[in-house]
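Below is one structure, written out as structure tokens; the observations come after it.
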Amino acid sequence: MELDEALALLGDYGLYQNLIFWLVSIPGAFFGAWHIMAIVFLATWPDTHHCVVPEGSYINETIPVTDWDDNGEPIYDDCYMYVNSSVDNTTTGCTEGWYYESSETIVTEWDLVCDQAALSQISSSIYMIGVLVGSFIAGHFADNFGRKTTFLACMWIQGVIGILVAFSQHFATFCVLRFFVGFFQQGVMLSQFILATEFFTPSKRVYAGFLNCMCWALGIMILSPIAYVFTHWRAFQIAISAPALLTFYYYWVIPESLRWLISKGRVKDAEIILYKAAKVNKVTLPDNVLTVEAKSDDGEQDDIHQNSKENGTVHSDSALRDNAVPSSHGTPNDTQHTDLNNDASAESTVKVLSVENEGDPSYNYLDLLKTGRMALYTTVMSFAWFVSSLVYYGLSYNTSNFQGSVHALFFLTGCVEIPAYALSMLFIVWWGRRWPTCIFLLLSGVSCGSAIFIPDGDDLFVLRIIILLIGKFGVTGAFGTIYVWSPELYPTLLRNMGLAVFAFFASLGGILAPLTVYATFYSVTVPMVVFGILSLVSGFCVLLLPETKDKIMPRTLAQAEQLGMSSKEAGKLDATAQTENEAP
């Protein structure tokens, strides 16, 4: 019996599937969102700061006045002081440090202001570099040691290093430790998605995937009240890291990935898990439920796994996740922002690989650009991933630079993700991929770009917040659709390579996103307009790609080329391919 047939006997939404889903999704998505978004509160800019006034001096004769507020009170310069105001107005940098209204973030503790202001956001880019580096390791580790082992080990190690971050005495130490927190991010996000969704039947797995993404959004929402309660950055860092260690009992509760067990020839172990699930769901499975499948495939498993390595592919279940996430969100991402279609595409890959002939072609990364049509797919989709990641994280990180409560605004940016994912899911099921992705990106682009028409001033800060939230809604929806759409454009043996390239470009967007926060110190409008232009360009570009709804996922390069072609064009391509194959 096929694994999916056995899962169907367990029921679509059985108690066991739901228990595993929530046990894995809540810590997996929450901790991932908390660590990657923590910089918003770790590096919150102080409301007021200026040079320390020397003892025996007065502020009005020491610090230059740059402006006056609405109440007629002076606004003092942030970074300069008079050398000797009784002689002339010559200024110099702060000689005795800075005064802050509060001293509870890394910015105020290590004086990351004025000429050092960019360092706080560079630390976030370093975290994202850790995510990028870790993504190359996580898939291989999960292939060799299992999804459960990878998930638990990375989550616990990330929690321990996160606690160590709270005891950093130097900014350099903080950056190094944050790099390693990011390094283990993909191990958590990749494995938790697979473990959370693979117990569902294929027809329900896409819904489970979107619900997993909503857990990410819920994690963002919860992060805000945590930061509100734990105002000192060290206490906040411990609060988001220590809960990972409370999941120690998961070692005895969470099952290993069924597909990974079968791929390793451990069919009996997979059957034990299925019988346990059947007992919890109060259903009956036949004896030796997977034995028939094992007899037909057991002798091929090692060959299949070896062929996938020789062809340059990652094992099907270990497709990358960019949140951003999604990533991801992680996808989305991070890639993560979010890995919506990984397990679905993985299942297709497994089925196709198991029946492939030895004569199937082997592909490499150059095949992503081999023909004009494949080059178009790769270029447009890579750009869409880059833009989605840059705008998603850029808008999230910039909440601290908008007027109003950073806690309330950040909470709202998490709230808008839930309806965005829900609408994205409905569009994918009912409408398709191409136009929904375009509309989401255009919505984000128009919203962000409209910032140029809003004049500076406190009177219109509510309008600025609205365009921020609409922009976040649009880019979140786009992330949800492109993750489903991307693997459907590529043939089986080229699919994971394509996802790896997209994850790389999403990581580049995530690395650059924190630097836009530094730009908003001078103007909130400029980064918003850049986000708007990039989103608009990407939104129109995706219309160059074919719709893949209700189409069989391509197995060969020729089939991928035929996506979006007319019947006449496809016939000509088939004839050309056949002629080439018959040539001596």
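The values are calculated or read from the model by the stated rules, or taken from the named source; none is laboratory data. Because the structure is a prediction, the values reported are computed rather than measured. Cβ coordinates were reconstructed from backbone atoms using ideal geometry, including for glycine residues, and neighbour counts include every protein chain displayed. Surface areas here come from the heavy atoms of the whole protein model, side chains and all, with no ligands, DNA or RNA. Shrake-Rupley method; radii C 1.70, N 1.55, O 1.52, S 1.80 Å.
Would you mind working out the accessible area per residue for the stretch 18-170, using a 1.4 Å probe, and quoting it in Å²? Could the numbers behind the result be given before it?
Numbers: 6930 Å² over 153 residues.
Normalised by residue count, the accessible surface of the stretch 18-170 is 45 Å².
Only four residue types carry charge here, +1 at the Cβ of Lys and Arg and -1 at the Cβ of Asp and Glu. Report the dipole size of the stretch 98-210 about the Cα centre in Debye, rounded to the nearest 20. Don't jump to the answer; show the numbers that get you there.
Values: 5 positive and 7 negative charges, 152 e Å.
Dipole magnitude for the stretch 98-210 comes out near 720 debye.
Can you pull the one-decimal nm distance between simple spin-label points at VAL280 and PHE145, each 7 Å off the Cα toward Cβ?
2.4
Kindly sort ASP115, ASP12 by accessible area of their heavy atoms, largest first, with the probe set to 1.4 Å. Display every interim value, and only then the final one.
Numbers: ASP115 130, ASP12 60 Å².
The ranking, largest first, comes out as ASP115, ASP12.
Efficiency by 1/(1 + (r/R0)^6): what FRET value for TYR249 and PHE453, r their Cβ-Cβ distance, R0 = 51 Å, to the nearest 0.05? Mind dumping the intermediate values first?
Numbers: r = 55 Å, r/R0 = 1.07.
Approximately 0.40, to the nearest 0.05.
Quick one, can you get me the convex hull of the C-alpha atoms of the stretch 227-294 expressed as volume per residue in Å³?
Working: hull volume 9.0 nm³, N = 68.
It comes to 132 Å³ per residue, whole-number rounded.
Can you work out the Karplus-derived ³J(HN,Hα) for every residue in the stretch 148-157? Use 6.51 cos²θ - 1.76 cosθ + 1.60 with θ = phi - 60°, whole Hz, and x for glycine or proline.
Ordered by residue, 3J(HN,Hα) equals 4, 4, 5, 4, 5, 4, 5, 5, 5, 5 Hz.
Please calculate the 1.4 Å probe accessible area of LEU536, with all protein chains present, and give it to the nearest 10 Å².
The accessible area of LEU536 comes to roughly 60 Å².
Please list, in order along the stretch 267-281, the HN-Hα scalar couplings obtained from phi with the Karplus expression 6.51 cos²θ - 1.76 cosθ + 1.60 (θ = phi - 60°), rounded to whole Hz, x for Gly and Pro.
The phi angles translate into 5, 4, 4, 5, 5, 4, 5, 5, 5, 5, 5, 5, 5, 5, 7 Hz.
Which order do you get for VAL391, VAL253 if you rank them by accessible area with a 1.4 Å probe, largest at the top?
Numbers: VAL391 0, VAL253 55 Å².
Final ranking, largest accessible area leading: VAL253, VAL391.
Just to check I understand the Karplus step: with θ = phi - 60° and J = 6.51 cos²θ - 1.76 cosθ + 1.60, what whole-Hz values come out for the stretch 406-416, glycine and proline as x?
Along the stretch 406-416, the couplings run 5, 5, 5, 5, 5, 4, 5, 5, x, 4, 5 Hz.
Give the accessible area for LYS204 in Å² (nearest 10); use a 1.4 Å probe, count only protein heavy atoms, and leave out ligands, DNA and RNA.
50
Got a number for carbon plus sulfur as a percent of the stretch 1-143's accessible area, 1.4 Å probe?
Values: 3510 of 6600 Å².
The computed percentage sits at 53.
Any idea what diffusion coefficient the stretch 104-161 gets from Stokes-Einstein, in µm²/s, Kirkwood Rh on alpha carbon pairs, 4 °C, 1.567 mPa s?
On the way: Rh = 13.6 Å.
Using the Kirkwood radius from Cα pairs, D works out to 95 µm²/s.
At 1.002 mPa s and 20 °C, plugging the Kirkwood radius over alpha-carbon pairs of the stretch 113-233 into Stokes-Einstein gives what diffusion coefficient in µm²/s? Write out the running numbers ahead of the final one.
On the way: Rh = 16.1 Å.
For these conditions, the coefficient is 133 µm²/s.
Hey, if we sort LYS472, LYS148 by accessible area with the 1.4 Å probe, largest down, what's the order? Intermediate values should be presented prior to the final figure.
Values: LYS472 0, LYS148 35 Å².
The residues order as LYS148, LYS472, largest area first.
As an exercise, take the mean of 1/r over every pair of distinct alpha carbons in the stretch 391-504, invert it, and state the Kirkwood radius in angstroms. Walk me through the numbers on the way to the answer.
Working: mean 1/r = 0.0654 Å⁻¹.
After inverting the mean inverse Cα-Cα distance, the result is 15.3 Å.
Principal axes first, then extents: for the Cα atoms of the stretch 1-156, list largest minus smallest coordinate on each axis, whole Å, largest first.
91, 35, 22
Show me the three semi-axes of the equivalent ellipsoid for the stretch 491-532, from the C-alpha gyration tensor (sqrt of 5 times each eigenvalue), largest first, rounded to whole Å.
Details: eigenvalues 211, 20, 3 Å².
After scaling each eigenvalue by five and taking roots: 32, 10, 4 Å.
Could you tell me the accessible area of SER424 in Å² (1.4 Å probe, neighbours in place), rounded to the nearest ten?
Per-residue accessible area (SER424): approximately 0 Å².
What is the projected area of the convex hull of the Cα atoms of the stretch 444-517, averaged over all directions, in nm²? Before the final figure, lay out the partial values.
Details: hull surface 23.7 nm².
Average of the hull's projected areas for the stretch 444-517 equals 5.9 nm².
Would you grab the residues whose amide H sits under 5 Å from the one on TYR99? Only those 5+ places off in sequence or on another chain, please, with H modelled 1.01 Å from N.
HIS50, CYS51, VAL52
How many times 2.2 N^0.38 Å is the alpha carbon radius of gyration of the stretch 14-59?
Numbers: Rg = 22.8 Å, N = 46, 2.2 N^0.38 = 9.4 Å.
The reported ratio for this selection is 2.42.
Taking amide H positions as placed 1.01 Å from N in the peptide plane, with prolines and chain starts having none, which residues 5 or more places from THR91, or on another chain, fall under 5 Å of its amide H?
VAL83
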